[in-house]
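The values are calculated or read from the model by the stated rules, or taken from the named source; none is laboratory data. Model, not experiment: these values are computed from the prediction. Neighbour counts are summed over all protein chains in view; Cβ atoms, including those assigned to glycine, are modelled from backbone coordinates with ideal geometry. Note: accessible area is taken over every heavy atom of the protein model, side chains too, but ligands, DNA and RNA are not part of it. Shrake-Rupley method; radii C 1.70, N 1.55, O 1.52, S 1.80 Å.
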Amino acid sequence: MDVMGQESCSSERRVEIVADDRERNAPVVEALRAIPGTEVVCQRLKIGDYQINEWLFERKTLLDFAESIKDGRLFSQANRLTAACPSVAFILEGKASDLTQSRMRREALQGALISLSLIYQIPILRSFDPDETARLLLYAGEQLHRDQIDHISRHGRRPKRRRKLQLYVLQGLPGIGPEKAGRLLERFGSVEGVMAASEQDLQLVPGIGERIARSIRWLLEADQPGSVGG
């Protein structure tokens, strides 16, 4: 994490929330600073908008959520988030009427929500406006703190859960089921390693032939010219 600057509200407050420094003047940060019991630290986050303990939170307005589905940003961003951190949540902010101008079908929105929550295992939190987003972040910080105290002895829980999340993410790649996902993770060591692997390296994994390797690279580099036959 590259620190570009740092601000704090008070050293006596209970919940520390790190905000990406590009959110420094955002309404959510202003609302957080006005809530007793929070300490806001602004610094550069490589990914995500807010961080509480080991959790990353990505905030999207409903309109931006719809647009990110249209242009393909949503799932590439979900891949980057889960590759960088096993504990990720989305906060979707706004009113249902905000989606009117997006002209996106309800089924497409529901499909994206199902993929994020079931395939990527990313929790989805809803808020009405920046003030409610700020309160959600505070509540999350308080509950994560209580959970840490209540379960401080459960040292073996995180690695097992992390591997499960990694396998879920990899199974979202074309042609990849549970067995191939396990082989990919074993060979490259992490989701990030798989995403960075070349087409030739992918083909070295048992069961990953030329077609699947080419499909994976095409998906991850969707902004590049080229296509994969059906």
Which whole-number percent of Cα pairs in the stretch 35-192 have a distance greater than 19 Å?
60 percent
Give me the distance between the Cα centres of the stretch 66-118 and the stretch 178-213, rounded to whole Å.
26 Å
Under the 7 Å Cα-to-Cβ spin-label approximation, N53 and E199 lie apart by a distance in nanometres of 4.4 nm
Relative to a virtual label point 7 Å from the Cα of R162 in the Cα→beta-carbon direction, which members of the stretch 176-200 show backbone nitrogen distances below 14 Å?
189-193
Using a 1.4 angstrom probe, figure out how much accessible area the stretch 37-194 has per residue, in square angstrom, rounded to the nearest whole.
53 Å²
For L220 and E192, extending 7 Å from Cα along the Cα-Cβ vector and measuring point to point gives, in nm, a value of 1.3 nm
So what's the projected area for the stretch 62-139, the Cα convex hull averaged over all directions, in nm²?
5.3 nm²
Computed lengthening from R22 to R44, 0.36 nm per intervening residue step minus Cα-Cα distance:
7.2 nm
Mind checking the full-extension length gain between E142 and E107? Use 0.36 nm per residue of separation minus the Cα-Cα distance, one decimal, nm.
9.1 nm
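Mind giving me the FRET efficiency for R135 and E210? R0 is 35 Å, r the Cβ-Cβ distance, nearest 0.05 is fine. Walk me through the numbers on the way to the answer.
Values: r = 51 Å, r/R0 = 1.46.
Efficiency at R0 = 35 Å is approximately 0.10.
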